[in-house]
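For reference, the structure is listed below as structure tokens.
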Amino acid sequence: MGHDIVPIGNHKLNTSSLEKLAEDLSNRININIKYGYWGETEYFELLNEKGNDDLIILGEINKHKSFETYILVDEKYMIKKLYRKYGDKLFKIPKLLYYLKNKTSNEDIIIQIKKEIALPNFDLELINGNKYLNINKEHYSNNIPYFLRWFSFCDIFTENKISDKDFLNGLNNFRRE
């Protein structure tokens, strides 16, 4: 069984909205970004909107045609939209509680939804690639520089590598970025 190695860290990104985060990311790194959310049929019904279970693109930031294009998704966009529309009355809608109920009490569902509304949860993923970043309010997990498995990570600190000054300088420079 393997374990993926994922660098995590704090950030100072603007996570106040999906659009602001897309703008902030595009200003910091050279990528094109499409941003949006995953639609859910049941939520569209509660909003009295038409839609289905599909990716909804709200906007794009194209910096240069040669840059890689990523998709930025707000994982809780629809529940936030429902809460903006209904406020605390949302938790009294039987259809929503039925849709979300999964061996938990209604009180647990309400606590979970309020956490999801308050705490940002975004995914940035390369289109047609295996690079992605998970962004929360104050931290991120970075799967863009993929280190393979635990063995590859441990290999960095073996005797051969630990005595290679060029390798160590490169590793330290990478860690500073």
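Structure values in brief
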read-out	value
Extended-chain gain in nm, criterion 0.36 nm per residue less alpha-carbon gap, Asp123 and Tyr98	6.3 nm
If the convex hull is drawn through the Cα atoms of segment 7-80, its volume per residue in Å³	116 Å³
Residue-span extension gain [Leu171 to Trp38] - 0.36 nm each, minus C-alpha spacing	44.2 nm
More than 22 Å apart - percent of Cα-Cα pairs taken over segment 8-146	44 percent
Lys/Arg +1, Asp/Glu -1 at C-beta; segment 8-146 dipole; positive extreme among Met78, Asn62, Gly129	Met78
Length added when fully stretched, Asp24-Ile110, from 0.36 nm per residue minus Cα-Cα	27.8 nm
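Bear in mind that the values in this text are calculations on the coordinates, not laboratory data. Predicted model, so just to flag it, every value in this text is computed and none were measured. Cβ sites come from the backbone with ideal geometry, for glycine too, and all protein chains shown count toward neighbours.
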